[in-house]
Structures are given as structure tokens and as C-alpha cells.
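Worksheet: the structure to be examined is printed underneath.
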Amino acid sequence: MSLTQIEVPQTRALPRQPRRQFQRSAQIVWTRRLLVFGVLAMWEVWARLAGNSELIAPPSSIVRALFSDVLSDAAIRGAIMLTLFEVVCAYALAVMVGLALGLAIGSTSLTRRSMFPIILLLYAIPQVILLPLFTLGFGIGPAAKIAFGFSHGVFPVLVNVVAGMRNVNPLLLKAARSMGARQSDIIRNVTFPHMVASFFTGLRLAMTMTLLGVILAELYVSTAGVGYFTKLFAETFDPAPLFALIGILALMAIGLNEIVRTIERRFTRWKD
Amino acid sequence: MYNTDVVTTAPTSGKVWTGNDIRDKKMDKDILKVGQYTTVSFEPKTCTGAIAPLFVPPMDAVWRAFIVLVQTTQFWAAVSTTLMTISQAYLIAVVLGILIGFLVTRSNFLVQVLEPVVSGLFAIPITLFFPLFILLFGIGPASKVAYGAAYGFFPIALNTIAGLAGVNSHYLNAARSMGLSSFGTFRHVLFPAAFPVILTGLRIGFFICFASVLGGETISSVSGVGRNIALAAELMEPARMYAWIVVVIATALVLNTLVSMIENRMRGH
């Protein structure tokens with residue numbers, strides 16, 4: 001009697017549970033899509049009826065401008081490639097230098113405790129005030145953008161590498177050392193796998209920051225690159241290609257972020 | 001200041017100028033020497049060697065420029081403009097961030113719908129939209145207020161959502177079943193439980209706000225600290241630029257210490 005009473009709801013509940021969850025998540029996804037679509041529709045109507053055409057463009061004309069003005073123009077395509085190149089260079093430099101310095105600083109307690117506070121203090125400085133200095137030092141070409149992007153990207157990597165190394169269980173390090181592992185083996189097989197979560201947090205943050213640095217430097221002063229064209233369109237009150245260009249940059253940001261996340265998933269798979 | 005030093009040392013060093021190229025070489029050498037001397041005694045950040053020595057003024061010149069700068073009314077006007085801009089932007093970001101975070105967490109469904117939208121928007125660098133802020137709000141402080149508020153809003157809203165949505169539902173059920181009013185629940189259960197996470201958001205939001213207002217002023221503006229730094233650079237007055245930079249760095253470090261002190265004290269309760 002009591003047995004059946006318990007069993008009956010269980011057997012009935014099992015097939016229903018995933019379905020209800022599925023319905024719920026579909027509901028959430030559709031509400032979200034509806035919301036985004038609604039905002040776009042409102043934007044379209046408002047921009048057509050009441051908006052100032054020098055400041056706001058409706059989404060439909062932004063899409064038109066994307067193909068007619070932005071992507072068909074060889075100069076703008078070159079600018080997009082240049083900005084991408086600057087971001088990739090700055091990011092690669094930031095990751096390499098940040099990882100190397102982080103491993104060096106985090107490897108012993110002495111270096112960490114003496115150097116890490118200095119790094120944190122430097123990290124706390126709003127670097128954008130040094131932007132004119134970068135322009136003076138590296139000129140108005142891509143070098144200044146790469147350098148500025150690097151200076152933004154290197155700190156998140158460095159800080160997260162040091163923080164991640166600190167979180168490695170000392171027991172594992174001791175075990176590896178007592179079994180005769182060399183320093184390089186320890187870094188490769190013990191430290192790295194355990195700091196990978198923290199490291200990738202730093203990598204993702206560094207990607208956002210590098211992009212931020214490159215775009216800031218381009219907006220400040222440039223003769224090429226996406227920042228130059230966004231500034232140009234904004235100053236000539238031509239909002240449709242401006243929004244289209246911003247959309248491309250936003251897609252670039254999301255795409256680069258997704259690449260880093262895919263790599264992260266590959267490297268953290270062993271933990272599951 | 002530095003320029004005149006080099007020009008006077010070149011002729012008095014006893015060499016006769018035979019042509020422009022020789023003079024240039026001589027000058028380059030002197031510049032290099034002075035540069036090496038000054039960079040050694042200067043802040044480590046400029047020691048990278050990549051920055052041309054011409055743009056690294058001697059420390060005493062920076063100090064003198066700082067003394068002159070502090071006595072001008074222009075300095076205090078710029079500082080007060082920037083402080084006003086930052087406080088307005090931060091105030092807007094805090095009020096909107098906490099309000100929207102609170103409203104969103106009133107329903108579990110809304111959290112699941114909106115949280116990915118907000119965090120997805122935060123992944124896009126808002127700096128991209130900076131020309132738009134200039135377009136919409138003009139070149140004065142209003143565009144920096146909007147820009148700083150937009151930047152500061154996201155971490156505050158996201159952390160408020162995370163904090164309030166992360167409160168253990170057992171606590172809320174217990175409070176409700178013991179007859180606590182909804183305001184009482186908020187005052188004694190919800191808010192204290194979410195407070196540490198919200199506080200982190202407030203701290204991150206403040207520093208993002210600070211940096212983005214200065215950045216906006218540097219890129220395109222008519223007044224404020226950032227504008228003055230860019231102006232000093234454009235006018236080739238490195239000593240004055242460094243003096244400004246030192247002021248901002250000192251302010252940032254003091255604020256950082258202050259904020260972590262406040263945070264530690266509030267967490268202590």
C-alpha cells in the first residue's frame with residue numbers, strides 16, 4: 001500500500017519533469033527573443049516618426065548602410081582588418097608577457113609578496129590618462145594602438161595568473177616535488193592545469209580590455225582603423241553607417257570572446 | 001624646459017657645427033644621455049625604453065610644473081569639473097543599477113530572461129558607442145556623465161541581480177513563515193544576504209566610472225582633467241602633462257585605499 005503510493009507519483013513524475021523544464025526554458029528563450037525584437041521594432045518606429053535623422057537611424061536603414069556604405073567600401077574594410085590586426089597583436093603580446101611575468105612573480109612566495117602589491121597598484125591606475133603619452137611615444141600609427149591595447153590587456157592576465165598559482169593545493173606541489181618532478185614539469189603538469197580556470201578568466205577579461213584599449217587609442221587620434229571612421233561618421237552627422245560600424249565592432253567583440261571561451265572549454269574539460 | 005637645455009649644451013660643448021647632420025647626431029647623443037639619466041630616476045612605468053627620451057622630462061621639472069599648476073585657478077576648475085562629472089555619473093549608475101537589479105529579481109522568470117541580455121551587453125565595450133554619446137549629448141560634461149553612467153551601470157546591476165537572486169530561498173521561506181512583512185524581509189534577510197555581492201559591484205562600478213569619465217575627457221571634451229592632460233601633450237609640455245598624470249595617479253591610489261577600507265569595515269559587520 002505505502003509502497004505503491006510512493007511509486008506511483010515517481011513513475012508519473014519522471015517523464016513529465018524534463019518536458020516541463022523544456023517548456024520553461026523555451027518560454028524563457030522566446031520571451032527574450034520577443035523582448036529584443038520589441039526593442040528593435042520600437043526603435044524603428046520611434047526613429048522614423050520622431051527621431052532626429054542626424055542623430056538616430058532606424059535599424060532597417062542601418063542594415064542597408066551596412067551593405068551599401070560600409071562593407072562595399074574598400075577603405076572601411078581595410079580599417080576593420082587593421083583594427084582586428086591591432087587587437088590580435090596587442091592581445092598576443094599581452095598574453096605572452098602577462099603569462100611569463102605572472103609565472104615568474106607567482107612562482108615563489110617572496111616574489112609574490114614583494115611584487116604583487118606593486119602590480120595591483122599599477123592595475124588600479126586609470127591607464128587612459130597615459131594615452132597622450134603613448135601617442136607621443138609611438139606616433140599616431142598602429143604601434144600606439146597595439147602598445148595601448150597591450151598595456152590594458154597585460155594586467156588582467158598577470159593578476160589572474162598569480163592569483164591562480166596561489167590557489168594550487170600546496171600538497172600537490174609537495175607530492176610532485178617529492179616524486180622528483182622538475183620545475184618545468186611542475187608548471188606544465190600541476191600548476192597550469194589547476195590555474196587554468198583563473199587564467200581563462202584573465203584571458204577573457206584581457207580580450208575585452210585589449211579591445212577597449214585599441215578602440216580608445218583609435219578614437220583619441222588616428223588616421224586609419226575603425227575608430228577613425230566611427231569618429232568621422234559621428235562628426236559628419238551620418239548615423240546609419242556609424243551604427244553599422246559599431247555593430248560590426250560589437251560582433252567582433254562577441255566573436256573574439258566566443259573564441260576564447262571555446263578554447264577555455266577545451267582546456268577545462270578534464271575537470272568534469 | 002628640457003628642449004632649451006639640450007640646445008644650450010650643444011654649442012657650448014666645444015664642437016664646431018659643420019652641417020646639420022652632424023649637429024643632429026650630436027643632439028641625438030645628448031638627448032640619449034639626458035634621457036638615460038632621467039629615466040633611471042623616473043617612475044618605472046616610463047622606463048620601458050620604448051618612450052622617446054625627449055618626452056621624459058626630469059623629475060624636478062615635473063615638480064616645478066606641479067607647483068605652478070596647483071596655484072592656477074584652471075587646475076581647480078578642471079578638478080572640480082571632473083569630480084562633479086564622476087559623482088553625477090556614479091550617482092546615476094548606482095540608482096539605476098540597484099533599482100533595475102531589484103526590479104528584475106522580483107521574479108525568477110525575469111532574472112532568467114534578462115540576466116543573459118544584461119551580461120551580454122556588458123561584454124560589448126561601450127567605448128564603441130562613445131561617438132554616439134558625443135552626438136547625442138554634446139561635447140560638454142553631459143556626454144561624459146552619460147558615458148560614465150552607462151559604464152558604471154552594468155557591474156552594479158549585474159552584481160545586484162546576482163546578489164539578490166542568489167539569496168537562499170530557505171531564508172526567505174523561513175522569514176515569510178515566521179510572519180515577517182515584505183519590507184522586513186528585505187530589511188533583515190534579503191538585503192544583508194545580498195550586500196557583500198552588491199558592494200563588490202559598487203566598487204567595480206566606481207572605478208570603471210572614474211576611468212571612463214577621464215577617458216571620455218581625454219578623447220574629446222572641452223574641460224576637465226582628461227582634457228588638460230591631452231592638451232599638455234598636444235602643446236608639447238611634458239612636464240605639465242606628467243604633473244597632471246601624477247595628480248590623477250595619486251587620486252586613484254588614495255581612492256583605492258579608501259574604498260577598500262570602507263569595504264572592509266562594512267564587511268566586518
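Just so you know, all these numbers are worked out from the coordinates, no wet-lab data involved. Because the structure is a prediction, the values reported are computed rather than measured. A quick note on method: Cβ atoms are made from the backbone with ideal geometry, for glycine too, and the neighbour counts reach across all protein chains shown.
In the range A:206-218, the residues that are farther than 15 Å from A:L93 by Cα reach residues that are aromatic (F, W, Y) and in a helix (DSSP H, G or I) with C-beta atoms within less than 6 angstrom, at least six apart or across chains, in these pairs: A:A217/A:F148. In this structure, is A:L212 at the interface with chain B (Cβ under 10 Å from one of its Cβ atoms), under 26 Å from A:Q127 (Cα atoms) and surrounded by fewer than 18 Cβ atoms within 10 Å (Cβ to Cβ)? No, not satisfied. The test for being over 21 Å from the mean Cα position of the chain (by Cα), part of a helix (DSSP H, G or I) and among the basic types (K, R) holds for B:R176.
Does the range B:208-223 include one or more residues that are more than 9 Å from every other protein chain (Cβ to nearest Cβ), among the aromatic types (F, W, Y) and closer than 25 Å to A:P117 by Cβ? Within the range B:208-223 (the criterion being more than 9 Å from every other protein chain (Cβ to nearest Cβ), among the aromatic types (F, W, Y) and closer than 25 Å to A:P117 by Cβ), the answer is no, since none of the residues qualifies. Scanning the range B:111-137 for residues that are more than 22 Å from the chain's Cα centre (by Cα) and more than 9 Å from chain A (Cβ to nearest Cβ) yields B:V111, B:E115, B:V118. Somewhere in the range A:117-139, is a residue away from chain B (no Cβ under 14 Å) and surrounded by fewer than 19 Cβ atoms within 10 Å (Cβ to Cβ)? So far as the range A:117-139 goes, no, none of its residues is away from chain B (no Cβ under 14 Å) and surrounded by fewer than 19 Cβ atoms within 10 Å (Cβ to Cβ). Selection over the range A:236-269 of residues that are of a type in the set (S, T, Y) and either at the interface with chain B (Cβ under 10 Å from one of its Cβ atoms) or loosely packed, with under 12 Cβ neighbours inside 10 Å (or both) gives a count of 2.
Go through the residues of the range A:151-172 one by one and say whether even a single one is of a type outside the set (D, E, K, R), surrounded by 22 or more Cβ atoms within 10 Å (Cβ to Cβ) and within 11 Å of chain B (Cβ to nearest Cβ). Checked the range A:151-172: at least one residue is of a type outside the set (D, E, K, R), surrounded by 22 or more Cβ atoms within 10 Å (Cβ to Cβ) and within 11 Å of chain B (Cβ to nearest Cβ). Residues in the range B:224-239 that are more than 9 Å from chain A (Cβ to nearest Cβ) and outside any helix (DSSP H, G or I): 3 in all. Sub-7 Å Cβ pairs linking a first residue in the range B:241-265 that is of a type in the set (D, E, K, R) to a second residue that is surrounded by 14 or more Cβ atoms within 10 Å (Cβ to Cβ), at least 6 apart or interchain, are B:E263/B:L199; B:E263/B:R203, ordered by first then second residue.
For the range A:33-45, the criterion of being of a type outside the set (F, W, Y) and more than 30 Å from B:S107 (Cα to Cα) is satisfied by no residue at all.
In this structure, B:A146 qualifies as within 14 Å of chain A (Cβ to nearest Cβ), among the small types (G, A, S) and either in contact (Cβ under 8 Å) with a residue 24 or more places away in the chain or surrounded by 22 or more Cβ atoms within 10 Å (Cβ to Cβ) (or both). Entry remark, the range B:240-256: residues being more than 7 Å from chain A (Cβ to nearest Cβ) and either over 14 Å from B:I208 (Cα atoms) or not in a helix (DSSP H, G or I) (or both) number 9 in total.
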